[in-house]
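The values are calculated or read from the model by the stated rules, or taken from the named source; none is laboratory data. Quick caveat: nothing in here was measured; it's all calculated off a predicted structure. Heads up, the Cβs are rebuilt from the backbone with ideal geometry, glycines too, and the neighbour counts pull from every protein chain shown. These accessible areas exclude ligands, DNA and RNA; they are computed on the full protein's heavy atoms, side chains included. Shrake-Rupley method; radii C 1.70, N 1.55, O 1.52, S 1.80 Å.
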Amino acid sequence: LPFSIPCSLAQPVTPELLVSPISQDGDLGSECPEDRGNWTGRLDFLLSCIGYCVGLGNVWRFPYRAYTNGGGAFLVPYFIMLAICGIPIFFMELSLGQFSSLGPLTVWKISPLFKGVGMGTILIVSLVAIYYNMIIAYVLFYLFASLTSDLPWQHCGNWWNTDLCLDHHVIKAGNATFPANITNTVSPSEEYWSRYVLHIQGSSGIGDPGRIRWNLCLCLLLSWTIVYLCILKGVKSSGKVVYFTATFPYLILVMLLIRGVTLEGAWKGIRFYLTPQFDHLLSSKVWIEAALQIFYSLGVGFGGLLTFASYNTFHQNIYRDTFIVTLGNAITSILAGFAIFSVLGYMSQELGVPVNQVAKAGPGLAFVVYPQAMTMLPLSPFWSFLFFFMLLTLGLDSQFAFMETIVTAVTDEFPYYLRPKKASFSAAICIILFLMGLILTTEGGMYWLVLLDDYSAGFGLMVVVITTCLVVTRVYGMKRFCRDIHMMLGFKPGPYFRACWMVLSPATMMALLVYNIVKYQPSEYGSYRFPTWAEVLGILMGVLSCLMIPVGMVVAVVQEEGTLWERVQQASRPAMDWGPSLEENRTGMYVASLAGSQSPKPLMVHMRRYGGITSYENTAIEVDREMEEEEEEESM
């Protein structure tokens, strides 16, 4: 790797022609690559990407977005935005990570002037990791609460309930009648969530957090402990855990789906979810909502995809993996909608109210509506446990990605000091983020969680993605980027990818950014409106990640020499050691540009190692010939 002591410097150098194939293989294939680590199994990378992308948003955001934006008709803009925005940016991130074998900070050797983009990414991911693990802590709380014969949010009459509590079980048994105005009543599950789990009545607002809820604090500590143990050995440990956390949610989802569609009134909810309303397609809001869903669901811009790809071998087929993950993610979202709305249809029939009165998004769905629906089923604790265990596994592998991104980014930046102590450094990061998240365990913690959710990964993340897209295609150069992919995969991206990277994806992201700014609405939680200082604090979160870009530019320019324009030009060019991390993969312009490089002909290394020229060596020869022809044309 560019950051570790080159193998050729770490021991006496033997003239290249005198090295035997065995000893040469030992030099190139063992010490250097293993210094950073790689995936240990063939499916580790693919399952990690699936686990990262398929998260809580697929269950609690997509179904609600679909039914509020035209039902089945929403799938039209959804798949169009997936093609224009999702798949191309997804493939770009994977390509950058795999080609360089670098994390989100050091990958900006591609153009050191824009290293601030990487700094902005790490800031965003750190803020998201703080509150995302709090959501996992809530899930753990409900998971443990489900280990009873009667769910605690099943009935009224507990110390946390109020006079407004309406128990549908009592009404159904014939001991009471429905009140004339059901909108003024509260379900037992809603009071359990707000008055027992959150104890939000102990806080008057975001400026008055109240006391720490120690049961939530212990759940948060447990969630951070689980995350740390799973990322203890980097991708070697998390790559094995995802074999369970990325696949088991599908088993539970299918079980919930089968149970859901067999309930009375289920088709009422599914019809509500999927009935197409094509007149909605004329509204710009629907297209923006589709793009937002794709953007956040695939996790582009957070650095997780780039980090995972950086642990791949140089010739891993990420082109195939891109389509498997992105289309699999979309299908999962649609399936989750069936599982959710079939149960909501049953629930609306039981309560005698329209589906739209029980349908909610976000935490309201996961911790109020769905738990209430579970109480109406036979064996309700079993189904409740399954649902929250599914949410736990969905959330954990996304959290693995956030933490691996932070740890990889910083250890790649300071490899000599941190890489040998990666486990200790990971523990330090987990402890720091746990302490920063303690405010979320207070009685007013939900207000802080909403603020972080609304602003930490808002317009700042869009600016990061737009800048990345423009730098790769305009500053680094589309032709050069396509040549790099050709060297890596054996073929160049087609017109579809080039058109999206150059025009369609950045333009769509720009439209999203403008829409978010123009349609800005202050945060709120229920009927609570956030004070002005809290809004300013939230906006500063987003602005700070954007400010990292000019700060990085200033640092890069100061480190160069010459006039201001010369410094800018030098800082925008790729660093000398930019390119594939292993010398055997460096051809053309990348030959012998690694520090301490002894071999000017990596193809010789390949031929000695593999006993002949492979298809990838043929590709390398083609790339070299193509570059020579271009140089001749330019000189003429």
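Let me have the relative contact order for the chain, percent, based on Cα pairs under 8 Å that are six or more residues apart.
Values: 936 pairs, mean separation 189.4, N = 636.
In percent, rounded to a whole number, it is 30.
Filter the cross-link list 236/492; 240/360; 115/233; 285/360; 268/360; 115/236 down to pairs whose alpha-carbon distance in this structure exceeds 23 Å. Kindly include the intermediate steps, with their values, before the conclusion.
Values: 236/492 31 Å; 240/360 35 Å; 115/233 27 Å; 285/360 19 Å; 268/360 16 Å; 115/236 28 Å.
Distance filter (> 23 Å) returns 236/492; 240/360; 115/233; 115/236.
Semi-axes of the equivalent ellipsoid of the range 245-306: what are they in whole Å, largest first, if each equals the square root of 5 times a C-alpha gyration tensor eigenvalue?
Details: eigenvalues 150, 121, 5 Å².
They are 27, 25, 5 Å, listed largest first.
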Measure nothing but the geometry: give the 0 to 90° angle between the long axis through the Cα atoms of 459-470 and the longest principal axis through the Cα atoms of the chain, rounded to 10°.
30 degrees
What list of ³J(HN,Hα) couplings, whole Hz, do you get for the range 474-489 from phi and the Karplus terms 6.51, -1.76, 1.60, once you set θ to phi - 60° and write x for glycine and proline?
9, 7, 6, x, 4, 4, 5, 5, 5, 5, 4, 5, 4, 4, 7, 9
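Report the extension gain between residue 313 and residue 144 in nm, rounded to one decimal, defined as 0.36 nm multiplied by the number of residues separating them, less their alpha carbon distance.
The residue 313-residue 144 span can extend by a further 56.7 nm.
Highest mean first, how do 292-303, 539-550 rank when packing is the count of other Cβ atoms within 10 Å averaged over residues? Write down the numbers at each step before the final one.
Numbers: 292-303: 25.0, 539-550: 17.7.
Those peptides, ordered most packed to least, come out 292-303, 539-550.
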Considering only C-alpha atoms, what is the centroid distance from the range 54-132 to the range 135-168, in Å?
35 Å
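With all protein chains present, how much of the accessible area of the chain (probe radius 1.4 Å) comes from carbon and sulfur, to the nearest whole percent? Intermediate values should be presented prior to the final figure.
Values: 16820 of 25960 Å².
Exposed carbon and sulfur together represent 65 percent of the surface.
How large is the Kirkwood hydrodynamic radius of the range 392-448, counting all unique pairs of alpha carbons, in Å?
Working: mean 1/r = 0.0777 Å⁻¹.
Final number for the Kirkwood radius of the range 392-448 is 12.9 Å.
If you average the sequence gap of Cα pairs under 8 Å that are 6 or more apart and divide by the length of the range 189-341, what percent do you get for the contact order?
Working: 45 pairs, mean separation 43.0, N = 153.
Contact order relative to length: 28 percent.
Which order do 287, 108 take by accessible area at a 1.4 Å probe, largest first?
Details: 287 70, 108 20 Å².
So, going from the largest accessible area down, we get 287, 108.
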Between residue 186 and residues 5 or more places away or on another chain, which pairs have amide H atoms under 5 Å apart, with H built 1.01 Å from N, and which residues are they?
165, 166
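Ranked highest first by average number of other Cβ atoms within 10 Å, how do 219-228, 339-348 line up?
Numbers: 219-228: 19.9, 339-348: 27.1.
Sorting 219-228, 339-348 by mean packing, highest first, produces 339-348, 219-228.
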So how do 357-370, 152-165 stack up, highest first, on mean other-Cβ count within 10 Å?
357-370, 152-165
What does the accessible area of residue 566 come to, in Å² to the nearest 10, when a probe of 1.4 Å is used?
80 Å²
Sorted largest first, the C-alpha extents of the range 463-548 along its principal axes in whole angstrom are 56, 24, 19
Give me P(r) over the chain, computed from all C-alpha to C-alpha distances, binned every 10 Å, as integer percentages.
3, 15, 25, 25, 16, 9, 5, 2, 0, 0
Mind pulling the angle between the C-alpha long axis of helix 445-455 and the longest principal axis of the chain? Nearest 10 degrees, somewhere in 0 to 90.
50 degrees
Rounded to the nearest 500, what is the 222 nm mean residue ellipticity of the chain from helices alone, with -39500 (n - 2.57) per DSSP H run of 4+ residues and division by all residues?
-19000 deg cm²/dmol
Can you tell me the convex hull volume per residue for the range 71-178, based on C-alpha atoms, in Å³ to the nearest whole number?
234 Å³
Nearest 10 degrees is fine. How inclined is helix 44-53 to the longest principal axis of the chain, computing both from alpha carbons?
40 degrees
³J(HN,Hα), Karplus 6.51/-1.76/1.60, whole Hz, each residue of the range 342-348, x for Gly, Pro
5, 6, 5, x, 4, 5, 5
Ignoring ligands, DNA and RNA, what accessible area per residue does the chain give at 1.4 Å, in Å²?
41 Å²
